[in-house]
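The values are calculated or read from the model by the stated rules, or taken from the named source; none is laboratory data. Computed from a prediction, not measured in an experiment: that's the story for all the values here. A quick note on method: Cβ atoms are made from the backbone with ideal geometry, for glycine too, and the neighbour counts reach across all protein chains shown. Side chains included, ligands, DNA and RNA excluded: accessible areas come from the protein's heavy atoms. Shrake-Rupley method; radii C 1.70, N 1.55, O 1.52, S 1.80 Å.
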Amino acid sequence: NAGVTQTPKFRVLKTGQSMTLLCAQDMNHEYMYWYRQDPGMGLRLIHYSVGEGTTAKGEVPDGYNVSRLKKQNFLLGLESAAPSQTSVYFCASSYQGRRDGELFFGEGSRLTVL
Amino acid sequence: GNSVTQMEGPVTLSEEAFLTINCTYTATGYPSLFWYVQYPGEGLQLLLKATKADDKGSNKGFEATYRKETTSFHLEKGSVQVSDSAVYFCALYNTNAGKSTFGDGTTLTVKP
């Protein structure tokens, strides 16, 4: 029973490099989210998706792109990494039918941009 | 818009002490309210929730009551343990928006 799985769990990049974080969920959830967590700032929503083939911007979308080609996967891309994107990234999913919005989180991906 | 304000930390308590972490919110409509907990090195997990006014959520000795009149959802536990040391996040979910809003988190450290 995997739940929400994020890969990779750790990554170090140089400024200007690109990378993709993968989130996979096996709970058949419609909604998926990418957050970043920075000290003293809680969780901030980057992008989210309410279904396969759809994406929307959150609070802090600049510098990131996302894709949801399959219902179970939600990819977060950094085209040209910057030191300000050093953070811990969390993916989450929820089941639309519940209507209460309970989130199920992955274990996080720690990204350092030098 | 929606917002969540929770008690600033860090909070340090001795084992068996009483815990309160305050949380107030601003939202349109009737949001669902949550407390999530993050143990060191892990992702967030649901601690408890309440979906309508006057509901009380409870789990693992923690409780919180949805107070619409004071727009609050304070977290309480009568006797904390060292294993409760973690970061606690208050959050709301607004069905119309389709997304959650989080507070900044409160770090709790319980000493033996």
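Whether a residue is within 13 Å of the chain's Cα centre (by Cα), in contact (Cβ under 8 Å) with a residue 60 or more places away in the chain and within 14 Å of chain A (Cβ to nearest Cβ) was assessed, and B:Y66 does not pass this test. Inspection of the stretch B:20-27 finds a residue satisfying the criterion of being in a strand (DSSP E or B) and aromatic (F, W, Y). Scanning the stretch B:71-86 for residues that are more than 10 Å from the chain's Cα centre (by Cα) and over 16 Å from B:K52 (Cα atoms) gives B:K77, B:G78, B:S79, B:V80, B:Q81, B:V82, B:S83, B:D84, B:S85, B:A86.
Scanning the stretch A:44-53 for residues that are facing chain B (nearest Cβ under 10 Å) and open to solvent by 10 Å² or more (accessible area, probe 1.4 Å) turns up A:R44, A:Y48, A:V50. The set of residues in the stretch A:59-72 being touching a residue at least 24 places away in the same chain (Cβ under 8 Å), out of contact with any Phe, Trp or Tyr (no Cβ under 6 Å at 6 or more places or on another chain) and part of a loop (DSSP other than H, G, I, E, B) consists of A:V60, A:Y64, A:K71, A:Q72. Being hydrophobic (A, V, I, L, M, F, W, C), facing another protein chain (nearest Cβ under 9 Å) and without any contact (Cβ under 8 Å) to a residue 40 or more places away in the chain is the filter here, so list the residues in the stretch B:30-49 that pass it. B:L46 - this is the single residue of the stretch B:30-49 that is hydrophobic (A, V, I, L, M, F, W, C), facing another protein chain (nearest Cβ under 9 Å) and without any contact (Cβ under 8 Å) to a residue 40 or more places away in the chain. Taking the stretch B:28-68 as the range and being of a type in the set (D, E) and on the phi > 0 side of the Ramachandran plot as the test, only B:D54 passes. Just one residue in the set A:Y95, A:Y89 is closer than 18 Å to B:Q45 by Cβ, open to solvent by 30 Å² or more (accessible area, probe 1.4 Å) and in contact (Cβ under 8 Å) with a residue 60 or more places away in the chain; that residue is A:Y95. Test B:L108 against the stated conditions and say whether it is in contact with a Pro (Cβ under 9 Å, 6 or more places away or on another chain), among the aliphatic types (A, V, I, L, M), at the interface with another protein chain (Cβ under 10 Å from one of its Cβ atoms) and under 24 Å from A:M41 (Cα atoms). So B:L108 fails the test. For the stretch A:1-46, name all the residues that are within 15 Å of A:L103 (Cα to Cα), among the small types (G, A, S) and in contact (Cβ under 8 Å) with a residue 60 or more places away in the chain. Scanning the stretch A:1-46 gives a single hit, A:G3.
Checked against (1) under 19 Å from B:G41 (Cβ atoms); (2) within 10 Å of chain B (Cβ to nearest Cβ), A:K9 passes all but condition (2). Scanning the stretch A:26-43 for residues that are more than 7 Å from chain B (Cβ to nearest Cβ), open to solvent by less than 50 Å² (accessible area, probe 1.4 Å) and farther than 16 Å from A:R68 by Cα returns A:R36, A:Q37, A:D38.
Within the set A:V50, A:V88, the sole residue that is within 13 Å of the chain's Cα centre (by Cα) and among the β-branched types (V, I, T) turns out to be A:V88. Where strands (runs of 3 or more DSSP E) fall wholly inside the stretch A:73-114, the ranges with 1 or more residues that are facing chain B (nearest Cβ under 9 Å) and closer than 15 Å to A:Y33 by Cβ are A:87-94. For the stretch A:95-106, the condition of being at pLDDT below 95 and of a type in the set (S, T, Y) holds for at least one residue.
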